[in-house]
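Below is one structure, written out as structure tokens, with a few remarks after it.
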Amino acid sequence: MNLNDIVKMQDVNLDGKNVLVRVDYNVPLKDGKVDNPKRINATQKTIKYLLSKGARVVLISHLGRPKGKVAPEFSLKPLVPEVEKAMETKVHFASDCVGAEAEAVVAQTKKGEIALLENLRFHPEEEANDKEFAKKLAKHGEIFIQEAFGTVHRAHASTSAITEFLPSAAGYLIQKEVEFLGGALENPKRPFAAIIGGAKVSDKIMLLNNLIDKVDVLVIGGAMAYTFNKALGYNVGTSLVDNDKLEEAKQVMAKAKAKGVELLLSQDAVCAKEFKDGIETITTQDQNIPEGYMGLDIGPKTIEYFKNALAKCKTIFWNGPVGVFEMESYNKGSFAIAQMLADLTAKGAITIIGGGDSLNVLKKAKIASSAYSHASTGGGASMEFVEGKELPGITALLKK
Ligand code: AMP
């Protein structure tokens with residue numbers, strides 16, 4: 001799938017219309033205030049575009065996991081001042097997303113203004129993809145814009161059923177995700193590399209199997225690499241290994257060989273006797289990890305090995321840290337990958353970061369996501385996209 005397959009909001013006549021927008025305002029709150037407005041600011045381009053068309057914008061979102069019940073700690077009301085600041089217009093708030101009050105608040109919202117409706121997930125019908133509920137939501141607009149990439153892998157009323165009642169289109173955030181996770185990976189500039197890290201092969205096997213048909217270079221790091229190294233007969237000590245995935249690891253390696261994919265595994269490891277920060281570590285000379293030690297990060301040899309292989313690549317997709325980046329003793333490998341990709345982006349490579357814990361690596365390494373071609377905002381959604389799964393919220397936006 002690529003950008004040409006979906007309806008973009010620029011393709012639709014929005015002049016003076018009532019536009020219902022599903023946003024992802026699942027922001028962190030602290031002491032009743034927005035702690036980080038990043039997700040609100042990320043929607044600025046789309047919402048300002050709609051306002052510039054003289055539209056009345058009605059925003060719907062979820063926040064947290066209220067599990068179908070009204071829970072004041074998950075109210076969207078504290079977001080009003082932040083949304084007003086970001087969009088530079090008046091924001092009216094309704095204490096429910098459907099029903100008479102919501103309809104009255106929407107009616108009093110002028111063109112060029114915004115109505116923000118209360119948390120969708122206060123209603124169990126949202127996550128149940130209930131049609132009657134979607135129909136009630138649809139009353140608030142003439143057109144539906146999807147802007148919440150983080151939820152498009154779920155069939156919910158505000159991602160799926162709603163599109164049966166309103167003409168629907170993608171906002172800029174969705175368009176960028178589809179452009180990169182769809183188009184750029186489907187038709188990549190070559191050589192095309194994927195770096196897959198993280199803890200478990202079982203979590204990433206679909207991703208690996210889908211990517212192996214597309215990439216020229218496959219780099220495997222993190223604890224995942226030890227399952228592969230064990231399958232090759234190396235000693236892995238007490239490292240985290242998916243013992244029931246050794247066969248699948250062998251199959252991935254066989255497939256890579258058959259397809260001429262260059263497959264790189266870690267060549268050395270930073271190890272410790274316990275899964276603990278700040279204790280004594282050793283760095284191995286090769287893939288073998290001594291008895292009683294566990295591999296917790298890639299070592300300097302592997303960093304250079306990966307760097308050399310990636311230097312020639314024109315498109316690079318990264319999912320998952322190559323070490324226990326949460327602990328200072330084992331973050332160097334993941335930080336080096338993050339820096340390497342930022343440098344390659346500056347030199348013209350297309351770099352796409354998505355899913356798993358990679359975004360947290362960037363945060364910890366203090367590298368802005370703007371240093372990459374695309375850093376996907378939807379963890380689960382981006383992973384499922386690249387696994388080749390159907391995403392209900394994107395399917396709903398396909399051109400008919
Ligand atoms: P994922 O969400 O699948 O990207 O997995 C991320 C997790 O993998 C992080 O919490 C890392 O700490 C963990 N991880 C990466 N490398 C290792 C390793 N060598 N041993 C144990 N856990 C690891």
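The values are calculated or read from the model by the stated rules, or taken from the named source; none is laboratory data. Computed from a prediction, not measured in an experiment: that's the story for all the values here. Because the Cβ atoms are built from the backbone with ideal geometry, glycine has one as well, and the counts that use them run over all protein chains shown.
Residues checked against (1) surrounded by 18 or more Cβ atoms within 10 Å (Cβ to Cβ); (2) in contact with a Ser or Thr (Cβ under 7 Å, 6 or more places away or on another chain); (3) of a type in the set (Ser, Thr, Tyr):
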residue: ILE6; (1), (2), (3): yes, no, no
residue: ASP11; (1), (2), (3): no, no, no
residue: GLY16; (1), (2), (3): no, no, no
residue: ARG22; (1), (2), (3): yes, yes, no
residue: LYS38; (1), (2), (3): no, no, no
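The set of residues from region 129-162 being within 29 Å of LYS110 (Cβ to Cβ), in a loop (DSSP other than H, G, I, E, B) and among the charged types (D, E, K, R) comprises LYS139, GLU142, GLU147.
Take GLN267 and tell me if it is closer than 18 Å to LEU310 by Cα, touching a Ser or Thr at 6+ places or on another chain (Cβ under 8 Å) and either more than 12 Å from the ligand (Cβ to nearest atom) or at pLDDT 95 or above (or both).
Details: closer than 18 Å to LEU310 by Cα: yes; touching a Ser or Thr at 6+ places or on another chain (Cβ under 8 Å): yes; either more than 12 Å from the ligand (Cβ to nearest atom) or at pLDDT 95 or above (or both): yes.
Yes, satisfied.
You will find that of ASP277, ASP286, the residue that is charged (D, E, K, R), touching a residue at least 12 places away in the same chain (Cβ under 8 Å) and within 12 Å of the ligand (Cβ to nearest atom) is ASP277 and no other.
Scan region 337-355 for residues that are more than 16 Å from the ligand (Cβ to nearest atom) and hydrophobic (A, V, I, L, M, F, W, C) and jot them down.
MET340, ALA342, LEU344, ALA346, ALA349, ILE350
Against the conditions (1) in a helix (DSSP H, G or I); (2) aliphatic (A, V, I, L, M); (3) touching a residue at least 40 places away in the same chain (Cβ under 8 Å), LEU263 satisfies every one except (1).
Out of ALA107, ALA184, ALA128, one residue alone is under 30 Å from ASP213 (Cβ atoms) and out of contact with any Pro (no Cβ under 7 Å at 6 or more places or on another chain). It is ALA184.
Is it true that PHE306 is farther than 20 Å from SER370 by Cα, buried (at least 18 other Cβ atoms within 10 Å of the Cβ), away from the ligand (no atom under 12 Å from the Cβ) and modelled with pLDDT of 95 or more? It is true that PHE306 is farther than 20 Å from SER370 by Cα, buried (at least 18 other Cβ atoms within 10 Å of the Cβ), away from the ligand (no atom under 12 Å from the Cβ) and modelled with pLDDT of 95 or more. Every listed requirement among (1) more than 16 Å from the ligand (Cβ to nearest atom); (2) in contact (Cβ under 8 Å) with a residue 24 or more places away in the chain; (3) not small (Gly, Ala, Ser) is met by LYS400 save one, (2). Within region 174-190, is there a residue that is more than 24 Å from SER376 (Cα to Cα) and either touching a helix residue (DSSP H, G or I) at 6+ places or on another chain (Cβ under 9 Å) or part of a helix (DSSP H, G or I) (or both)? Checked region 174-190: no residue is more than 24 Å from SER376 (Cα to Cα) and either touching a helix residue (DSSP H, G or I) at 6+ places or on another chain (Cβ under 9 Å) or part of a helix (DSSP H, G or I) (or both). Exactly one residue out of GLY32, GLY64 is surrounded by fewer than 19 Cβ atoms within 10 Å (Cβ to Cβ) and either more than 24 Å from the chain's Cα centre (by Cα) or within 30 Å of PRO188 (Cα to Cα) (or both), and it is GLY32.
Residues in region 204-236 that are surrounded by fewer than 19 Cβ atoms within 10 Å (Cβ to Cβ), within 16 Å of the ligand (Cβ to nearest atom) and not in a helix (DSSP H, G or I): TYR234, ASN235.
Residues satisfying the criterion are absent from region 313-324 (criterion: within 16 Å of the ligand (Cβ to nearest atom), surrounded by fewer than 24 Cβ atoms within 10 Å (Cβ to Cβ) and assigned by TED's automatic domain parsing to the domain that holds ASP216).
Put simply, of SER382, SER358, SER334 the only residue that is within 14 Å of the ligand (Cβ to nearest atom), buried (at least 23 other Cβ atoms within 10 Å of the Cβ), closer than 27 Å to THR238 by Cβ and modelled with pLDDT under 95 is SER358.
PHE133 meets all of the listed conditions (1) of a type in the set (Phe, Trp, Tyr); (2) in the same structural domain as LYS255 (by TED's automatic domain parsing); (3) surrounded by fewer than 24 Cβ atoms within 10 Å (Cβ to Cβ) but one, namely (2).
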